[in-house]
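Asker: Can you keep this structure in mind? I'll have questions shortly.
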Amino acid sequence: MGAIDVRFLTPGDIGLLRDIDRSEQLEVEYTVESGSLVSSKTSMYVPPWDPSGSGDHSVSHLIAFCSPHLDQGAQLLGAFDEEAIVGMALVEPSLHPGLGWLALLHVSNGRRRGGVGQTLWNAAASIAHDSGANALYVSATPTGSAVQFYLKQGCQLAGPDEIVEELFALEPDDVHLVCDLSSTQPGNDGRLS
Ligand SMILES: CC(C)(COP(=O)(O)OP(=O)(O)OC[C@H]1O[C@@H](n2cnc3c(N)ncnc32)[C@H](O)[C@@H]1OP(=O)(O)O)[C@@H](O)C(=O)NCCC(=O)NCCS
């Protein structure tokens with residue numbers, strides 16, 4: 001894999017999500033119990049998005065989720081290996097005063113564990129920080145890969161006074177995390193172009 005180039009995308013590029021293979025064999029899942037993360041083994045296959053239907057796991061459903069946020073100023077990012085898209089992120093820089101929200105992060109199956117997610121995270125955190133956020137919120141899919149990735153970025157479980165109620169109501173089984181951005185350096189290695 002060559003150097004990953006993270007590019008600003010326009011709302012009209014949202015259909016590039018079709019080119020991301022979200023499939024994953026899950027081996028670990030998390031729950032939050034009494035304010036602590038608890039891991040357990042699982043064995044579940046997450047199939048690729050349905051390219052043509054309109055159900056919960058379809059591309060059109062995902063686009064419908066993203067569209068209002070894009071209308072409100074969320075920034076879509078694409079990670080490219082030459083001209084091939086290998087990951088996408090959506091960041092709302094100012095969900096609440098001082099708080100950004102990483103609304104979406106996906107790296108294609110077959111391109112994971114090569115630093116693509118890290119590069120997209122760095123870019124998203126930099127955008128939020130530059131917009132005045134001192135923290136970035138994530139409602140993480142409770143899978144081993146997602147939770148361990150976010151913990152590696154410095155995220156911590158959102159405390160009772162940090163939970164964003166509207167996001168918790170949407171995804172109560174997610175792991176709600178928050179990352180302190182106060183040490184984030186603007187223009188870090190997200191390589192935005
Ligand atoms: C979560 C996800 C975005 C991570 O992307 P990625 O490109 O594989 O992540 P990176 O290669 O940048 O990983 C950075 C670090 O995160 C941690 N990490 C990432 N994936 C991990 C995994 N499966 N298990 C344990 N740690 C992991 C590691 O510390 C890793 O560093 P290392 O590879 O040097 O050990 C990717 O697995 C993905 O798209 N999953 C499916 C969609 C999803 O769950 N998205 C998040 C929804 S909120």
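Every number here is computed from the coordinates shown, using simple stated rules; none is lab data. Not measured: the values here are computed from a predicted model. Neighbour counts run over all protein chains shown; Cβ positions are idealised from the backbone, glycine included.
Asker: Which members of segment 64-95 meet the condition of being in contact with a Gly (Cβ under 7 Å, 6 or more places away or on another chain) and either hydrophobic (A, V, I, L, M, F, W, C) or surrounded by fewer than 15 Cβ atoms within 10 Å (Cβ to Cβ) (or both)? Steps first, answer last, please.
Answerer: Of the residues in segment 64-95, the ones in contact with a Gly (Cβ under 7 Å, 6 or more places away or on another chain) are 79, 81-82, 85, 87-88, 91-94.
Answer for segment 64-95, where residues must be in contact with a Gly (Cβ under 7 Å, 6 or more places away or on another chain) and either hydrophobic (A, V, I, L, M, F, W, C) or surrounded by fewer than 15 Cβ atoms within 10 Å (Cβ to Cβ) (or both): Ala79, Glu82, Ile85, Met88, Val91.
Asker: Could you tell me whether Asn122 is closer than 26 Å to Glu166 by Cα, within 14 Å of the ligand (Cβ to nearest atom), in contact with an Asp or Glu (Cβ under 8 Å, 6 or more places away or on another chain) and of a type in the set (S, T, N, Q)? Working first, answer last.
Answerer: Working: closer than 26 Å to Glu166 by Cα: yes; within 14 Å of the ligand (Cβ to nearest atom): yes; in contact with an Asp or Glu (Cβ under 8 Å, 6 or more places away or on another chain): yes; of a type in the set (S, T, N, Q): yes.
In short, yes.
Asker: With the requirement that a residue be crowded, with 16+ Cβ neighbours inside 10 Å, within 16 Å of the ligand (Cβ to nearest atom) and part of a strand (DSSP E or B), what does segment 6-27 give you?
Answerer: Result: Val6, Glu24, Leu26.
Asker: Failed condition for Val32, given (1) buried (at least 20 other Cβ atoms within 10 Å of the Cβ); (2) in contact (Cβ under 8 Å) with a residue 40 or more places away in the chain; (3) part of a strand (DSSP E or B), with all others met?
Answerer: (1)
Asker: Six or more apart or on different chains, Cβ atoms under 6 Å: show the pairs whose first residue is in segment 4-28 and more than 20 Å from Asp71 (Cα to Cα) and in contact (Cβ under 8 Å) with a residue 12 or more places away in the chain and whose second is acidic (Asp, Glu) and more than 15 Å from the ligand (Cβ to nearest atom).
Answerer: none
Asker: Any residue at all in segment 149-172 that is β-branched (Val, Ile, Thr) and crowded, with 18+ Cβ neighbours inside 10 Å? Steps first, please.
Answerer: Here is the first cut: in segment 149-172, the ones β-branched (Val, Ile, Thr) are 163-164.
Going one step further and asking which of them are crowded, with 18+ Cβ neighbours inside 10 Å, we end up with none.
Looking through segment 149-172, none of the residues is β-branched (Val, Ile, Thr) and crowded, with 18+ Cβ neighbours inside 10 Å.
Asker: Answer yes if at least one residue in segment 130-145 is touching a residue at least 60 places away in the same chain (Cβ under 8 Å), of a type outside the set (Gly, Ala, Ser) and out of contact with any Phe, Trp or Tyr (no Cβ under 9 Å at 6 or more places or on another chain), and no otherwise.
Answerer: Here is the first cut: in segment 130-145, the ones touching a residue at least 60 places away in the same chain (Cβ under 8 Å) are 142-145.
Of the ones still in play, those that are also of a type outside the set (Gly, Ala, Ser) are 142-143.
Then keep just the ones that are out of contact with any Phe, Trp or Tyr (no Cβ under 9 Å at 6 or more places or on another chain); that gives none.
Looking through segment 130-145, none of the residues is touching a residue at least 60 places away in the same chain (Cβ under 8 Å), of a type outside the set (Gly, Ala, Ser) and out of contact with any Phe, Trp or Tyr (no Cβ under 9 Å at 6 or more places or on another chain).
Asker: Taking the stated definitions as given, is Asn134 near the ligand (Cβ under 9 Å from one of its atoms) and surrounded by fewer than 19 Cβ atoms within 10 Å (Cβ to Cβ)?
Answerer: Considered against the rule, which asks whether it is near the ligand (Cβ under 9 Å from one of its atoms) and surrounded by fewer than 19 Cβ atoms within 10 Å (Cβ to Cβ), Asn134 comes out as no.
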